[in-house]
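Here's the structure we're looking at; comments come further down.
The values are calculated or read from the model by the stated rules, or taken from the named source; none is laboratory data. Every value quoted in this text rests on a predicted model; they were computed, and no experiment measured them. A quick note on method: Cβ atoms are made from the backbone with ideal geometry, for glycine too, and the neighbour counts reach across all protein chains shown. When the accessible area is computed, the model is the full protein with side chains, heavy atoms only, and any ligands, DNA or RNA have been set aside. Shrake-Rupley method; radii C 1.70, N 1.55, O 1.52, S 1.80 Å.
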Amino acid sequence: MRLICPSLFEAMTAMNKDKDALPVRRVVCPNCGGPSVYAPSNPFRPFCSERCKNLDLGAWASEDFRLPADTPPDDDGQGGPKSSDPKLQ
């Protein structure tokens with residue numbers, strides 16, 4: 001049985017360590033616009049801090065984020081279909 005040269009073993013070990021280490025990804029914090037680390041080491045990701053995360057949660061809870069209601073109602077207000085529907089005329 002042939003053994004691996006110690007320097008080759010060290011080189012292979014170093015390569016495996018580099019493969020396991022992921023590069024640090026930086027993103028923009030959705031709340032303040034500052035830099036934020038997007039990695040398991042940041043428990044508040046994608047936010048930069050607990051404060052930004054809580055501010056965003058508070059905005060959702062107070063319904064600050066909502067879609068505009070531009071669609072017209074489906075009925076005439078009395079429970080019936082719209083009278084301007086061409087299929088019903």
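Taken over segment 1-27, residues that are of a type in the set (A, V, I, L, M) and modelled with pLDDT of 90 or more amount to 1. Residues in segment 40-64 that are of a type in the set (Gly, Ala, Ser) and not in a helix (DSSP H, G or I) were compared, and the one that is least open to solvent (accessible area, probe 1.4 Å) is 49. Contact annotation: residue pairs with Cβ atoms under 8 Å, 6 or more positions apart or on different chains, pairing a residue in segment 48-73 that is within 16 Å of residue 31 (Cα to Cα) with a partner that is in a helix (DSSP H, G or I), are 65/59. In a loop (DSSP other than H, G, I, E, B), exposed (fewer than 12 other Cβ atoms within 10 Å of the Cβ) and at pLDDT below 95: does that describe residue 30? It is false that residue 30 is in a loop (DSSP other than H, G, I, E, B), exposed (fewer than 12 other Cβ atoms within 10 Å of the Cβ) and at pLDDT below 95.
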